[in-house]
Structure formats: structure tokens, C-alpha cells
Amino acid sequence: MALLFDVIVVGGGHAGIEAALAAARMGSRTAMLTMNNDHIGYLSCNPAIGGQAKGQLAREIDAFGGEMGRNTDRSALQYRRLNMSKGPAVRSSRAQCDKVLYSLNMKKAVETQGNLSVHQCEVIGLIVDKGRVCGVTDNFGTKIRAKSVVITAGTFLKAVMHCGASQTSGGRAGDGASDSLSDFLHAEGFNLVRLKTGTPARLKRSSINFEILERQDGDKNPVPFSFYSRPDPFPFLEQLPCYLTYTNSKTHEIIAAAQNDSPMFTGQIMGKGPRYCPSIEDKVFRFADKDRHQIFLEPESLYSEEIYANGLSTSLPVVAQQRFLQTISGLEEVEIARPGYAVEYDALNPMILKHTLEVKDLPGLFCAGQINGTSGYEEAAAQGLVAGANAAMHRINNGEELVFGREEAYIGVLIDDLVTKGCDEPYRMFTSRAEYRLLLREETADRRLAEKGKNFGVLSDPDFEKFERKYRYFEDICKKLGSTYLYGGQAEDRGVFEALGVGALPDRVSLLEAIRRPRLTISTLREAGLLSDELILTGEVEAWIADRVLEEVEVSTKYEGYIDRELKNLAKLSKQEFKKIPTDFNYSEIKGLSNEVRERLIKVRPETLGQAMRIPGVTPAAGALVYIQLVRVMKGLGSHAP
Amino acid sequence: MDKNYFANDTIVASATGLNVRSAIGVLRVSGPMALTDAGKYVRLKSKNARANLETRNFDSIRTRYLYRCDVLSRDNAIIDDGLVAFFPAPNSYSGEDMVEVHLHGNPLIQREVIDSIVHNTGARPAERGEFSFRAFRNGKLDLSQVEAVEALISAETSLGLEAAVKSLSGAVKRFIDPIQEDLKNLIASLELELDFSDQDVEVLDWSLFEKKLQSVQGRLRAAVVQFDSIRPAMNGVTVSFVGRPNAGKSTLFNVLVGEERSIVSQIEGTTRDVIREQIYLDGLLLRLSDTAGMRDTSDVIESEGVKRSLEEIKDSELVLVVIDSGEAGRTSASAPLLALIKEVSERAGERKLIFVFNKIDNGDALVIKEFISNHDLVSNSVIVSSTTGQGLLELQEKIKSEFVASDLLQISPEIFCQRQREALVQAMGRLSIVSDNIQTGIQEMDLLAIDIRSAMVAISELSGSIDSEAILEHIFSNFCIGK
């Protein structure tokens, strides 16, 4: 293997993949170093991509030229778009994926990428020269040099798995842990914290009585994750259902009784777990008044008989797991294929990172994914993309950085939250974290990010051309809908329109105006025959792309008032949000700041006033003090002490 | 915001105001040179202290102690016998070195001393609210109670700044916090459905949601109504006098003020400039301004006066239309008079109007009463004579009843200024969109959340900002989330 690269990516999980691919696509000679080549893109927990807010992230990764969306389309067993009726901003795609195929397909994508080579080894340390990271050392003693290094160690740093009283070293059942790298980072002065996550038992399909359970199928007209292409046929794989069942008071009794054996409660696990994804024992304890909890039984693979029990994450002893599972409807005869467990691992405080995900005080080192305190494949992949692209920029060295604004992408919200607030529990994206979620609708991701992706060299030219064609079509279709009219005077139009129950048809109204009415959609117009396929399907774009465009035309027309207001709010905010704080800004000079707030500001070193205001504990009043000092500095009133 | 606010120089201003004569008037000086240069404008009566001050031996001077002193003019002449107190930083109102000079309460003295301090020490007259602003800047104001920071930051006029500083009061926060908390709960219950609907969370109870929403709307509305009823008493009422030339506006003005303030003569159009006075009617502050007579004139100065008088109407809350009873009684004069009544009524808009039929001693009360009832002015007319004092009490009662609710003293307002009122009105507007949408069955919860959030943002201009973390925190602590 070569011993000199532009970018080394440590880890082959969802962050590592996007980091390595982005760097390689930007022309950097890139190495992916992973402890197990067979587990690239492994879906360690839930066999699904997307979901609320995560769907938006996956779309953004795809829009920018990442691999996650495409690979999901190659491996999906069921597509569902969530929240379709709850509002335009919160529509999110989710897909059950075949975990075997997801991983295999991803491995192939990585291995066949030009400029990228994959090597199995364990990185045990970094080469640091003159305060810069310039390579890694592996477990074979090989020194591999690079201009920059991206660490995407997932849950593997000093990882310990817990199942009852049993403790095993390893970041995932069947894989080992990475202790040396953790030790190295610790010795370099990194403050590492312990975090915890967990996974439920996998159940044997043939031991479940699906007959009595509620079945949940995917969408009839699934929308692919990728904006640019979809596999043929689509959906590519046989589509499978999920099933719904519930815990009951008997289940809760057994879990409560077993609590003394739960490492969560005995103090064996010190790491902090995610609040939004608690283990079942946590749920039973915290929500004692709730008499049942929902469980989804999800297929893991066409090539596996294992079923994922979503909602039952646990680290109880295997015997207790077996006992409580059997109390659940449909699982009376259940057999556990793999028990659930919790994993504890080292993570760093992401406040030491810049928005580029480079370590502020150790140039050349980038970190992405769970090591930064996040949870979730999509959160990891999004960071990988940013870290990989910025690591590649070191070679190009033109001073440009890949940073997304909070108003530009969920990726921007994610990274800004991490570097500004740090995290003391695993961080998951929610739509409510975004101030401008109406602007960050999942179907606008390509419009927001494609051009940037192309400029950075991550999105390919052919894909960018598809994007341009799509938005030319978007403009065309808007013009057409704006100049095609329904006439109240025509009995046929009127009859059909009024039959839709959306009010009376005026003398003359364009189709574009008509869809502003509540409950009137483009698809109802199409079904009612008021909008012909002839008008829509011009052959400019494929029919599935036309459908997506029409949805966007509808949403951006219907909610134009709200969207405009968000844009106005954004414009109003921008002045303050983007006011730059010089790197040598002296917080000690500001009287009236509490010591605690001052220390936090010094620690985070916010790049803008907006970021400063988002630091926890920085009250609006403290923010105002910072602002005042900024203005003083700008007016040259500097540091005169009163 | 004015550049001055960011400076660190020494500032001086009257703390008691320069408009009213009173027993004493207090000046404040704040900034790096306040203490150092105090010897340039006060001479302590105590010989030792005086020497210490002159040699700047501040360690030997008592702090927060009233010294008897001579106060010096610009030319070092003694212009008052006063008191002075020294407040070294940080133990002062502003957090800087401060000096307070207590003078006799003639605004003239205060003006001269300010002039002396500015001239002899290089201090600068303070901008409005600047002492409070410095107190804030130096962390002297309780930051936990700072609600108006947004406004402080964004205030572009000194008036806006003053309003913001005014609302730095715990009362506003106590009113606003529970409302923001309730709105946060409403958003949280929406977010729960939006961000966690794939998990086993409770379904949103719309009737409860609406009930909570209505409760917030009710409280906001009540606060605004209350503010409106108490506002004149709190902020005072600006009164303008309008009338045809020589209708007796200035005489009435003077009678109300109780002194010869306006130039009164028999020649039309004597009052060429606007003359202002403040009076109290049983605690109701009236800011009176006497405008020039309104008439067609070719006199350049007089036209200017007419223009001003119209502008005064715009800025006032009460317009006293002064009518010469003699003129009202004459049929020949009623055409221009009626034109005036018509014009003023149009211009007045929402403002209160009182028609004062003056000089009744020269007119026939019966004829005037007929005039009043013929022109539909019964409800807002008073017949007076500025010379005999007839009807003046009635006029005063009329003014009071227009502005002061009888239970005024029992009301403690939730908000204090127009800016806060506007913020609440804006929030109410957003919330009514939410309730309309719920009633028409709009399903897009994310849009409902946007509108509630906008309402919170509007209210947060009074109470501090909201952030999404707080809402998530609420969700986590109150609902069962689990995948």
C-alpha cells in the first residue's frame, strides 16, 4: 500500500464513507482505514435510513453529491414518507433497508471510487509534527502520511458492551474496540467523555406470530432518496411490510423486577444515553404511568431471518430479555437471534471543533460522526461529508471552506449546534432544531445545495446537469400552470371543480392560482381531469422527476406567504447573525459578563455574533454586552478601561 | 444606536429634569473623570475635605456622603449653595465613578452648572437613558431581569432606548414569563406530533390546545386594554388648542396653566410659536401646547404658525377647539367657524375633541346651547369664560373623565410603553391566525408552530429570546419519548 496520501479517513462507517468519497471525488488521493473491510457501511442498529429530520439530512447529503441516498435506493425494502399531512416543512422520507445489501453496495461504491483505496488495519496513533497532524500509525507499525486525517471512530473508542452483568470489549457485537487510539487522544490532551447507546434484540422471523399483528406497508408511490437517479426497476428490491405490536403491564412488571440486573441502574454504565431513544427499562422507569409502549417489528434483510424489534433497546440480562419479550402479543414463542445490548464509548467535546470540523488547536485533524457526540447514521454521514471535503481543501489550499449556514441546511444546524453547544448526551437531529425549517424542506435540498456540491467537486457534472434540467422544467411548468385557466363559464370545468368541494370556480382562474386553495392539490386536479398529463409530461424530464417537481410547485405556491415571511425574517436576522467576531476578540474586557459565561465564550470562540448568542448560558443580555463590545472595537473605542 | 452610547467618556445630566421648578434639582456626573475633576465645579465647605478634593486625595474623602459645597459657574463664580456626594466605581448606579450635585431646584441653575461642568471638565451632556445604559453595560442592572435587551440592541432612536430601559422591570417579566411558558407548551405539543409521531406519543388534544391558546389570547388582550385605559395617566396627555384667531386660546391656556405664559393681546395672530406647559389635574399630566390661530393669511410667519398648529393636532391626544361664543352667536361668522369645526373634526381622527365655547361673558348662553345642539356637539362641548372663570371646573372635569378611569389607582399595568403594546398586538395578530386556522381545519401543524413562534418572538422583545433547545427540553421532561 502507498504510504503517502492527501487525506486519510479512519473508519468505514457512515461518516467515514462520505468523508472518503467526498475527498476522493474532489481529487484527493484518499485512504480509508477500517478495522473490518466487511463491515463498511454497516447498519449496526436500526435497518433504516431517514425518518423525521433525518430524511432531510439524507436528502441534503445526496443533493451535495454524497452516497447515502443512492445507496438507500439500491437497498430499500420499504419507503414511507412521514408527516405528509402535518405540513410541508416536516415531510420526511424513511426507508427500511436491507442491512446486508446496504453494506455490500456501499462497500462496492467505496472500492470502485477513483482516488480511494481501502485498507484493513487499526489506527493506534496520529503523527503530529510542529503542531499539525500529518499522518497515522497503524497496529502493524506502519506510518502512513497525509496532509490531513479524518477520524470517524463511531462507537469504537474504548468501547465496552453491556448485557446484564456481562461486559465485553467491543464497539459492536462481533467487532473489537479501539483502545489505543483513545489512549493516544487522551495523552494528546483531548478531554474524552463517556457516552452510551443501545440496541434491541434481533428476533427469529419464524418464531413470530405475524398473523395477529397490525401490518404496515410502505407508500404506494415511493419517492427515491436520490434527486438525480433511481435504480431500474424502482423500487429495486422486493418490498416488505413491518408489523406493529405493544408492550403491556406484564412486560413492564418483568422489566421493573429485573431492574437490579440492569447495568443502566446498577451503575455499571456511566455513560450518558440519548433521551429520545431510551432503553425499554428506562421507559418503564421514567414513564411508570404509561401502560404500553409501541414496538415496530422491522425486516433486517432479504438474506436474513432476523427481525429488528424497534422500541425495545435494552441491556438487561439475556434471560430477562427472553422473558419480557414473550409477554408481548405476537412474540409469545419468540426466539432471540441476537440479544440486545448497550455500548459505552469515548467521545470528544465537539466544542473543540471549528465549523469545518477541524480541531481548532490541532490543524490537519478532522472529526466526524459519533466521536463528536452525535447518534444516527444520517447525522454521522452529514458530518463525514463536511469533514472529508474540508480535509480535501487542505490540498487545494485556496482558503475556501465548506461550511453550511443554519438557514441553508440541516447539516448547518447540526454542526453549528455541535460546535456551539457541545453535547452531553448523544445528539439527534429534529426538525424543531432548525429556525427556518420551512426553507429546509427535504425536497428543496438540491436547490439549496447542488450548486455548492458541484463547485466543491463532490457532485458530478452529469448529476448537476440533471439538476439544471429539473429546474428549467420547474420554471416551465410554473409558467404553464400560470397561463392555463379554468373558466367558471364552462359548465364542465365548473362541475368538476365544484365536485372537488373546494369552493366555487370563479370566472377565470389559472391552475397556479387555483392550487392556493386549501385541500386542492395538483394531484386532485390531475385526477379530476382538469390538468392533463399532456401539459405536464413534456419529455423534458422523466415522469418520476416531473412528479417531484409538481409537488414542489404545489408546496411553494400554496405556502408562498409563509415562505416569504421566513425569508424576510431571515433577512432581518442576517445582519446580527453574520456579524463576525475577530479571533483575537477580548472577552475579558467586557464588564458585566458572569465568569461562567465569559469562560464559555472563550472556550467556544464563536465565529459570529449569532453563534455567540446560541451558546448555552449566553443570555440575550450577555449577547448584548458582546455586541456592544464588538461595536466598540469596530469604532476603535477598543480597550480603554473606565 | 448613537455612537455616543459606546464611548467611555464622562457624561453629565440632570437627574430631576430641567422643565419643572422644584425644591431641589440633582445633577449626575458619571465616567472616568467624574471624580477626578469634581474640584472644578464644586468647592467643599469643609476645609479639610476641600483640600483633599483639590489635591485629588480621594482616599480621604467620604464616599456616599453629602458634603455641603459651593457650586461654581463656568467662570468659577459661586452660583449655588448645594450638596455633593461621591460614588466611586463600582459602587454607583452606573458602575462608574459618579458624582451627584444637589442644587436648588431652578432649572436655570441646573443649566448653568451643566454648562460649567461641560466647559471646565470636558464632560459631555448625556444621551437619553445613558446612565441606565451604562449601568447595564457595566453589569449593574440585574441581568436576569433584563427583558428589553433586544430592544436595547436594536433601538435606533434615543426614545426607543428609553422605552427599552423603562421596561427593564420585573413586573413585565412576571407577566410575560407564564405566557411564554404557555406558548412554549403549545409549540411543544405540536412539535411532539411533528418530530416524534413515529414514536408512541400521545395524540394532540385539540380542544385542550384551543383552550390554552384562548387563555393566552385573553391575557394579552386584557393587558393591552388595561394599558390603553391607564396610558394617559401614566404617560400624560398632550393637549393642543385650536381655534380661529382671537377666539381666546391663549387666555384659556393661561387660565389653565395659572400664570401669564402666553402673550395675550387683542391683535389677531399674536401667538406665533408653539408655547408648551405641563400641568396636573388631580394627578393627570397634561402637556399643553398653544398653537397659532388658524386662518388664511399671506403673512409668512403666520402661515408657518398655522402649519404648526395643524401638526400639533397630529401629535396630541386631546384637541381643545376654542370658539368665541360671540362669533358662534353671529350668523355671519358661522361659515368659517363651521369650516374650522369640520376641518378639525376630520383631522382629529381618533383623538378626543372638546369644543370650548369661550367668552360666554360676551355671548348668549341660550344661543350657544342651540348652536351646540344644532351641530350635534352636545356630548363634547363646554361653555366657559376664561375671564370670569365660569365653566372652568366643568372643563377640567370633562378632560379628566375623558382619560381617567375611576378605579385607576387599583390598576397595576402589565406593560409600560407603546413599544411593548405594539409587541403584544403583533403577537395577538399571529395567535389569531393560529386560532382561525384551527377553526377552518387547517392541518399543517408546522405552520401553526411558525405562527406561535412568531408570537413568542414578538413577546420576547419584552422578555428575552426563545430557543428551540428549551422546547425540546420541555418535550423530553414532559412526554414519553421512545423509539
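Readers should treat all values here as calculations from the given coordinates under stated rules, not as data from a laboratory. This structure is a prediction, so every number in the text was calculated from the model and none was measured. In this analysis, Cβ positions are derived from the backbone assuming ideal geometry, glycine residues included, and neighbour counts consider all displayed protein chains.
The table below gives the values:
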{"quantity": "Antiparallel content of DSSP bridges confined to chain A, in %, to 5", "calculated": "70"}
{"quantity": "Neighbour-count ranking [beta-carbon atoms within 10 angstrom, fewest first] of A:E378, A:E306, A:E465, B:E444", "calculated": "A:E465, A:E306, B:E444, A:E378"}
{"quantity": "Cross-link reach list, lysines versus B:K173, counting only Cα pairs under 17 Å and skipping chain neighbours closer than eight places", "calculated": "B:K184"}
{"quantity": "Paired Rg and Dmax values of the stretch A:461-565, which use every Cα atom, in angstrom", "calculated": "14.5, 50"}
{"quantity": "Environment charge of B:R74, counting only residues whose C-beta is closer than 9 Å and scoring Lys/Arg +1, Asp/Glu -1", "calculated": "-3"}
{"quantity": "DSSP bridge pairs, the protein assembly as shown: antiparallel proportion in percent, nearest 5", "calculated": "65"}
{"quantity": "Estimated Rh, chain A: Kirkwood, alpha-carbon pairs, angstrom", "calculated": "26.4"}
{"quantity": "Volume of the Cα convex hull of the stretch B:3-140, divided per residue and given in Å³", "calculated": "95"}
{"quantity": "For the stretch A:334-478: rounded, prolate or oblate by the Cα gyration tensor [a/c cutoff 1.5]", "calculated": "oblate"}
{"quantity": "Tensor-based shape of the stretch A:578-634 (alpha-carbon gyration tensor, a/c under 1.5 rounded, otherwise prolate or oblate)", "calculated": "rounded"}
{"quantity": "Entries in A:K107/A:K360; A:K54/A:K466; A:K108/A:K220; A:K130/A:K272; A:K558/B:K211; A:K454/A:K572 that, when Cα-Cα distance is taken, lie over 26 Å", "calculated": "A:K107/A:K360; A:K108/A:K220; A:K130/A:K272; A:K558/B:K211; A:K454/A:K572"}
{"quantity": "Nearby lysines by direct alpha-carbon distance to A:K480 (threshold 16 angstrom, same-chain neighbours under 8 apart not counted)", "calculated": "A:K470"}
{"quantity": "Residue-count net charge about A:D179 - beta-carbon cut-off 12 Å; Lys, Arg +1, Asp, Glu -1", "calculated": "-2"}
{"quantity": "Percent of Cα pairs exceeding the 20 Å cut-off, where the set is the stretch A:508-598", "calculated": "60"}
{"quantity": "Gain on full stretching of the segment that runs from A:D217 to A:A257 - 0.36 nm per residue minus C-alpha separation", "calculated": "10.8 nm"}
{"quantity": "Local electrostatic count at A:T245 - Lys and Arg +1, Asp and Glu -1, tallied over other residues with Cβ under 10 Å", "calculated": "0"}
{"quantity": "Residue among A:L481, A:V496, A:A450 farthest towards the positive dipole end of the stretch A:450-499, charges placed on Cβ", "calculated": "A:A450"}
{"quantity": "Computed over the stretch A:489-642, Cα set: Rg, Dmax in Å", "calculated": "27.1, 81"}
{"quantity": "Least to most buried among A:M351, B:M33 (fewest other Cβ within 10 Å first)", "calculated": "B:M33, A:M351"}
{"quantity": "Which of B:D451, A:D179 has the fewest Cβ neighbours within 10 Å, and the rest in rising order", "calculated": "A:D179, B:D451"}
{"quantity": "Restraint check, A:K250/A:K421; A:K86/B:K212; A:K86/A:K479; A:K452/A:K580, Cα-Cα greater than 32 Å", "calculated": "A:K250/A:K421"}
{"quantity": "Estimated translational D of the protein assembly as shown in µm²/s (Stokes, Kirkwood radius over Cα pairs; 4 °C; 1.567 mPa s)", "calculated": "37"}
{"quantity": "Length-normalised contact order of chain A in % [C-alpha pairs under 8 Å, at least 6 apart]", "calculated": "17"}
{"quantity": "Rounded, prolate or oblate (a/c below 1.5 giving rounded, otherwise prolate when a/b exceeds b/c) for the stretch A:1-56 by Cα gyration tensor", "calculated": "oblate"}
{"quantity": "Lys/Arg +1, Asp/Glu -1 at C-beta; the stretch A:202-341 dipole; positive extreme among A:S262, A:I328, A:P241", "calculated": "A:S262"}
{"quantity": "Lysines whose Cα lies under 26 Å from that of B:K352, excluding same-chain neighbours fewer than 8 positions away", "calculated": "B:K249, B:K307, B:K314, B:K342, B:K369, B:K398, B:K400"}
{"quantity": "Sites B:L204 and A:A528, calculated FRET efficiency, Cβ-Cβ separation with R0 41 Å, nearest 0.05", "calculated": "0.85"}
